[in-house]
Structure formats: structure tokens, C-alpha cells
Amino acid sequence: MAPLLHVSDLRTYFFTFGGTRVVKAVDGVSFTLEAGETLGLVGESGCGKTTTCLSLVGLLPPAARIVGGSIRFAGEELTGKSPRELRRLRGRRIAMILQDPMASLNPLLTIARQVGEPAHFHLRLRGRPLRERVLGLLRAVRIPSPEVRCREYPHQMSGGMRQRIVGAIALAAEPQLIIADEPTTNLDVTIQAQYLNLLKEIQQQTGVALIFVTHNLGIVAKMCDKVAVMYAGKIVEQSPVRELFNAPQHPYTRALLGAMPKLGRREPLYAIPGQPPNLADPPSGCAFHPRCPEVIPRCVSESPEEVVAGNGHTARCWLVQPDVEVSRGRPSA
Amino acid sequence: MPRFIAQRVAYSLVTLFLLSMTIFVIVRLTGDPALLMAEPGARPEDLARIRAQWGLDRPWPVQYVSFIRNVVRGELGRSFNYRLPVSELYFQRLGNSLQLALAATLISVCIGVPAGIVSAVRVNSWWDNLGKAVALLGLSIPGFWLGLVLILVFAVWLRWLPTSGAGDWRHLILPAVSLGWYFAASLLRLTRSSMLEVLGSEYIKLARLKGLPEAVVIGLHAFKNALIPVFTLTGVNLVIMVNAAVVIEVIFAWPGIGRLLFEGIFQRDFPLVQGVVLMAGFMIVLVNLVVDILYALIDPRIRLTR
Amino acid sequence: MATTAPTARTALPPVVRGLRRGVQRVREVPLLAVMILAALVVVAVFAELLAPHDPTLPVRGARYFAPPFWMAGGSLETPLGTDFQGRDVLSRLIFGARVSLLVGLMGTLVAGSLGTAMGILSGYLGGWVDQVIMRLTDAWLALPSLVFAIFLATMVGPSMWNIIIILGLVYWTRYARVIRGEVLSLREREFVKLAEIAGASKLRVIRRHILPNVLNTTMVLASLTIGVVIIAEASLSFLGVGVPPPQPAWGLMLSEARPTLMAGQWWLTVFPGVCILLVVLATQLFGDWLRVRLDPQLRNL
């Protein structure tokens, strides 16, 4: 059976200053996702994670355009679809949870209205069934006394409640895929943990696939089945989650893992030196070379191709030795 | 909410107090009110009589108290020229001014708000540039000159519309357009910037992510939020147009409050001028208060927290 | 980054890049606006040299209501026609530029300095001073500016200098509000706190630290107010409470032209209006540009 989502060689560029400057925000990204699976999309800010997600739902800012590649979702090609077709898809089959729960609810509309909208417009629910659906959703995300709460406004809720309501909105029309763009960055740690547990539980019940965008590898370890590490618009390493943590191949992944706080660890926290590159003027060769601790001359001049490093494990680095056995078993990338 | 209203009312009262004080002091600082009150060519004994009659020989605080007492009773003085109470004259003319101001508001809202929305939704497009140009022209062309040019074109050359006076709807078109012109431009600017701000917000992004039709995103999610400042400006501006359309009403001989003020200036009818100015200020303070309260009713953040 | 492959952009020598940036900066300036304003200043300053006739006296030998030169009955002696007293319209427009510019600049100066001073006092001193000034500002803002100006003008009588002071008194409140807000945030900034801890007097803090930092805002507001003041002066003169005749002010010319409008003597109405329009348009364009340059936060004013 074909995977739920198959993205191959996706390229989304920003054209600024009247098209004179091109920013390759997403530059040849490929990954697949099965139904019910969770993919973690990891990387520092500005590496193209959010642009990748917005390309999937067809809501790019005006300056951005998909210039190449394909997005196949449940057997359908999304890249050539009209805005109207994409709109029918959004919220109905692919939902998205935004970063900021405080800002993503409309201050002037009731919770019931905002939660009910996807069911109203996509599933054509009206009146009593719609109301039942809203109450059910609020119950599913553990909003206490939903009958009262649904008549209230966002400013009357706590941050954690608002984020759960945003989750309820995502679930409202029973999508097959939910993209969560750093959904917990603005929550404190205990509420964060509760929220993640809730998402996982909902995933088990509904079988929805998740793309989890984050820069927090701890969340990836807890939530995801596989991970894609992005750097400067490219996926530099991709693998099942356990293998990535046990045998990271790309120096950038290792640096990220080194920058992760661990309980009981004594050595000082390692920070990646330097800044992520400016994508309007990217470094030559491998984009990570100016910050890479293991740089070799070849990195400066040539950009590495994707190398298969294990079962379902690929990396883009000159230092990675291809796993000949596995790579022979599949068509060349 | 009750506390919010009480607070607003208190502020308005303070503003009214300072407003009346300002007018009271200006009149006494800039000259002898008796000279202003007297009809031109009055003799010294007439002036003395006026001073005694109006209590102008008493100390200022006493005068101020009686001034306020009269104002509260609705006595704004008596026009020399019409030999009628100013308040009566004011309310006689109010209907005409309101008619003109409503027509002008209607025209400017019908032009300014949709154009502002289109400009914001299609930002930096051809439409947006047209909107910007219209806004710039609107703020640069003096309304009264536009009125003169409209008379020249439509009344003198084309003879389609009457030049002046009040009567049926045809008398209303030219003055309403001239009066509403500037406001249409400022409304366009405000709607555009307000919409742009809202359209960039996360909740609009979420509304789009829900797959809502664009009409619902713009018309319900964005517009309701962007509407608040637009609504405020419209309300305040309506009242300003009622009271301050002096030049337009003079040009078109429209028998409204602005023209009353103009007559007051020309006939040195001081109580009339002072009364109209006071009424204008009072009405604007009042509408500000009403707008504040309505604003609180629209916005649940104010309605429910206080 | 030494290793970066040279691209077309970085390969250019620095001189060329600097030059390009310079050209770009000049191109950002609204050229039309600057040209109109420059022309206005030149005309206003050299009115005596430029005007063909005395603006207040009839042109000898000219008819009343002579049309512009390209129409039948027009003459190059009075290129834009004559008015109801046989005065040269062009000369009156040229001298009118002086009135508009003077009232616009001086009125804005009075409003700007008064408003900025009040705003700084209100924001920096706080307490009851702030309360009094702000409530006064509310009260004065409640009066429609034109009605307030008419009221004051009726009290003091018409003259150009009175108009300047009146318009200053009417428009200072707008500055006071904005500047106060600015000062409130400045007051919390490190350098102001440090100066206060170092024992600088209030006056010194205001002079050295507050005033220089709010001047940008004052400039932006001023550039946007000039046009409003010019229109207000024209309206007052039109109503007969502004610049008194026979002084040539554009608003007054419009007022004198009104009775002749019906007779189709359009040039008396069109030319002064176009002058006002161009000047106000230029100040608006220039003000918008200045606002973006100096203070993008003021976008909504």
C-alpha cells in the first residue's frame, strides 16, 4: 500500500526584492509517512521546517512558491492543486496546530464557534449534531465542564486550555494528518507533558498521522517513530528514532544531541558554535561546513548527496560511509 | 463592566468641565465679553448694563458657576440676531446637519471600507496602489475646494444638479460628496492598516488552516476584529461632521449648524458662536463615551473582565 | 567568509556598491514632492522678483475678469487672468504661496514646540502635572479643530499672525499625546535611569536625553501637520476670519471667486485650489516618506 504522505524532492523558494533575490527555504526535501505514524522534524529556527509544513497545506506566504518536487497525499498529488481544492483539504484531511496558543484563537468569537467551524464547513454539521460534536471534542481534549466553557471566549482560558482547544480544532473534521508546529514551546513543562500525553492518546484512538515540528529532541524521543533533521533547507539526516539517538551519523545531529540537557550528566552542556546560515547567501558546499567540527576540504567545495547509512537511515555528509548491504537492496536515491 | 462605564463617565465629566472652562477663560482673556455681547456701536451705559445683566462685574469663579448652571439648564444664551435662545436655534438646524452628515458618512463608508478591505487583502497589487493614490488625494484635496469644483462641473457646466440650498435628494449629493471625501480617504487608510494588522495575526492563519472559505476568513474572522477602530472613527466623525461642516454648508447654502456658526461670526453674534462651539464639544464628548461603551460591548475582553 | 564562492553581487568593487546604495537612497526620496516643495519655497522667497504685477492693485489697462491667456480675450500681460478688481491672478498666487508657506511653517512650529514641551512635561514629570495636561488635551481634542479655530479667530480678529498662533493652539494637542507616550517609554530606558542616578537635574535629563530622542517623532508629526495647517488657514481665510483682504491668500482668493463661479469664471476658483492641492499633496508624500524613514511605528497616524 502506498504511504499516506510521500514528499519527494520538494523545493520551496522565496522570491524577494521583485524576484531579484531567491531564498531556498526548502531545497530538495524528501520523506514518507505512513498512516498512524509520527515524524519528528527537527532543526534550529530558520532551517525551513515551518516552510515545509506550510507547503504541505498550501498556505505559503505570497513571496514563496513551490518550484519543484511532489507531495503525494493518500495517492493524490497536491502540488498542482487549485487553491480551492487545497482549501477543501485543509482542516478536513490535513490539520495544523500553530506555535502560539495565545494568539491562534480569535478573541472575538466563542470557543464553540471556533471549535465547530471545521465540522460545520467540511462535514456540513448543523444545529444539535454540531453542538454534540463540539462538546465531544472538548471532552476529548479534557476541557472541564465543556457545556459552560464552549460559550466562553479565549481570554477566559489558561494557556494550557487554549492549546488543548487548538488541538480540538485540529481534530474537529477527523483529519488523516495533523501537523504540529512547535505546539508546546509556549507552555510550561508540566502542562507540556500533559499535552503530549493527550496527543499520543488521541493518536492511538483515531489513528491520525502526526508531523511534529520541534527543536526539542526530548520531545522527539518521547513522541516520534522517525526523525528528519533539517539544516539550511535540506534534510541532513533521517532515520527511525531509536537509531538516530543510538548512532547519529551527521555531525549536526551529534551537535544537536550534545546540546540536549540530560539528567544526571555532569559534563557541561555543549552549544553549537555560530549561527544558522543566512539562506539568502548560503555557504558553498555543505551548508553546515562553517560550523562543523569535523570539516574536511571537500565539504567547502561540494555539497554531499544523500547516503544510505542503515535501514531507513540516510544522511548527507561526506564522512558517512554508505551501508552497502542496505543500499544495494533499494533503488538508488 | 459597570465599573468600566462608571470610569468612562467620570472621565467624560472631567473633560466637559475642562472644555467649558477653556471656553469661559478664552472669552475673558481675549477681550471684554461685554463688547462681544453688545450689539455693534453700543454706548458705555449699554455696556455697563450688559455687564450687570450677565454678571460680568462679579469675580470669575462666581461667573463660572452661573455660566455652568445656565449651561446645565440648557440655556446657552440668546442670539442677538435671531432674538431666540441659542439652544432653540441649534436644535432647529440639527436635523439638516444630521441629514447631510449621514449622507456623507454613508458615501464615505461605502467607498472607504470596501476599498480599504480590498487594498489590504490584495496588498501591493494594482488595487492597493489605486487605493493608496485615492487616499492620498482624499487627504490632500481640501473638501471645500472640491465642493466649488463640483458646483462648477455639475451645476454650472452640465446643469445636472442644483448649486445650493436644501430640498430633495439632488440638493444633497454635491455637499455630501464634498463633505464625505476627506473622511472616505481616512476611512480607507484606517480600514487598510487595521485589516493588514489583523490579517497578519495567528488566528487568521489558523482560520485559513481550518480550510474556511476566504469569504468567511475575511468577512467574519478578520473584519469583526478590524471593525472596532473603523467603527469608532465613523461614530466620532459623524458627530464632527454634524458640527463642523462650516465651509461646506456655507458653499452650498445648506441650512445647518455650520452655517449657523458662520452667520454668528459674520453678525458678531457672540452668544450664538459660543453656544454652538459648546454644543459641538459636548456632543463629541458624549459620542466618545457612547463609542467607548459600545466598544466594550463588542469586545468580550472588556465586557467580561470588568 | 573567505571560502564563499564569488557571486555577481559580492564581486562588485565597494565603490560601485556604495554608489548604488547612494543612488537607491536618492531614488527613495519622493522626487515629485521635493520638487513641488522646493518650487514653493523659491516662489515664496522671491515673490517680488517673480510676480509680474503688484498683487494688491489692479493691473493698469487690464480688464476685469480677463481669462487666462490661451482663451479668447486673454492676454500674456496677465497669463492666468484677472479677478473682480482687475488684479493679476498669477501675481496673487505667487504672493499667496508666501502666506501659505509662512502660516504652514510657523503654525506647525508653534504647535510642535508647544505640544512637544507639554508632552515631555506630562510624560517625564508624571503625577498631577500629567493628569492636568492630559485631561486638558482630551478637552481640547474634543472640539472639532476647525470650529475651535473659528471660535478663537472670532475672538481675536483676523490677521496672519493671529492665525498662526490660533492654529498652533488648536493643533498642539496631537503632539502632546504622542510625545507623552514616547517619553513614558524613554523614562524607563537605561540611559535615562543612569543619568538620574548620576545626579543629573530634571532639566538636564530632559535637555540631554529626552528631547533629542523625541525630536524624530516631532519631525514626522510636523511634516504631516503642515498640510493640515495650510488647509485650515485656507478654510479660515475662505470664511473671512483668516488672512484679511487685500492680502493675497489662496483661501481668500477662493472666497472672492465664489460669487463669480456661477458666471463660469472658473480660473479664479481652479488655480488657487490646484496650488493648495499640490502643496498639501507634496507635504503628505514627503511626510509619509519621512515617517517610514524615521519612525515606522507611527504608521497608523
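Bear in mind that the values in this text are calculations on the coordinates, not laboratory data. Small disclaimer: the values here were computed from a predicted structure and weren't measured. Every residue, glycine as well, gets a Cβ built from its backbone with ideal geometry; the counts of neighbours run over all protein chains shown.
The table for this structure:
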{"quantity": "Partner aspartates and glutamates for A:Lys200 [C-alpha distance under 17 Å; skip if fewer than 8 residues away on the same chain]", "calculated": "A:Glu34, A:Glu37, A:Glu174, A:Asp181, A:Glu182, A:Asp225"}
{"quantity": "Derived scalar couplings ³J(HN,Hα) [the stretch A:93-108; Karplus, 6.51 cos²θ - 1.76 cosθ + 1.60; whole Hz; x for Gly, Pro]", "calculated": "10, 10, 10, 9, 10, 8, 5, 10, x, 5, 9, 8, 9, 6, x, 9"}
{"quantity": "Amide proton proximity set for A:Ala309, modelled H, under 5 Å, gap of 5+", "calculated": "A:Thr314, A:Ala315, A:Asp323"}
{"quantity": "Assigned charges on the beta-carbon of Lys, Arg, Asp, Glu; the stretch B:120-279 dipole about Cα centre (debye)", "calculated": "420"}
{"quantity": "Formal net charge of residues neighbouring A:Phe121 (Cβ-Cβ distance under 10 Å; K, R +1; D, E -1)", "calculated": "+4"}
{"quantity": "Within straight-line cross-link reach of C:Lys193, aspartates and glutamates at Cα separation under 20 Å, skipping those fewer than 8 residues along the same chain", "calculated": "C:Asp130, C:Glu182"}
{"quantity": "Dipole in debye (nearest 20) - the stretch C:80-299, about Cα centre, beta carbon charges: Lys, Arg +1; Asp, Glu -1", "calculated": "540"}
{"quantity": "Shape category assigned to chain B from the gyration tensor of Cα positions, a/c cut at 1.5", "calculated": "oblate"}
{"quantity": "Residue-averaged 222 nm ellipticity for chain A, from DSSP H runs of 4+ at -39500 (n - 2.57), nearest 500", "calculated": "-9000 deg cm²/dmol"}
{"quantity": "GNM top mover of A:Asp281, A:Asp100, A:Asp181 - chain A, alpha-carbon springs below 10 Å", "calculated": "A:Asp281"}
{"quantity": "Average beta carbon contacts from partner chains per residue of B:242-252, 10 Å cutoff", "calculated": "4"}
{"quantity": "Tensor-based shape of chain C (alpha-carbon gyration tensor, a/c under 1.5 rounded, otherwise prolate or oblate)", "calculated": "oblate"}
{"quantity": "Summed side-chain charge close to B:Arg208 - residues other than B:Arg208 whose Cβ falls under 10 Å, Lys, Arg +1, Asp, Glu -1", "calculated": "+3"}
{"quantity": "Residue with peak Gaussian network fluctuation, chain A [Cα springs, cutoff 10 Å], from A:Ala287, A:Ala232, A:Ala35", "calculated": "A:Ala35"}
{"quantity": "Most positive-pole-ward Cα, A:Gln176, A:Gly310, A:Ala221, against dipole of chain A from beta carbon charges", "calculated": "A:Gln176"}
{"quantity": "Net charge, A:Glu37 excluded, C-beta distance under 13 Å - Lys, Arg +1, Asp, Glu -1", "calculated": "0"}
{"quantity": "Antiparallel content of DSSP bridges confined to chain A, in %, to 5", "calculated": "60"}
{"quantity": "Selection from C:Met155, C:Ile94, C:Val280, by position along the positive dipole direction of chain C (Cβ)", "calculated": "C:Val280"}
{"quantity": "Candidates C:Arg258, C:Arg87, C:Arg291: whichever shows maximal mean-square fluctuation once chain C is modelled as a Gaussian network with Cα springs under 10 Å", "calculated": "C:Arg258"}
{"quantity": "Calculated [θ] (222 nm, deg cm²/dmol) that DSSP helices of n ≥ 4 give over chain B, each run adding -39,500 (n - 2.57)", "calculated": "-25000 deg cm²/dmol"}
{"quantity": "Gyration tensor (alpha-carbon) shape descriptor, the stretch B:1-126, a/c threshold 1.5", "calculated": "prolate"}
{"quantity": "Residues of type lysines that A:Lys234 reaches as a straight line, Cα spacing below 26 Å, ignoring anything fewer than 8 places off in the same chain", "calculated": "A:Lys24, A:Lys49, A:Lys81, A:Lys222, A:Lys226, B:Lys205"}
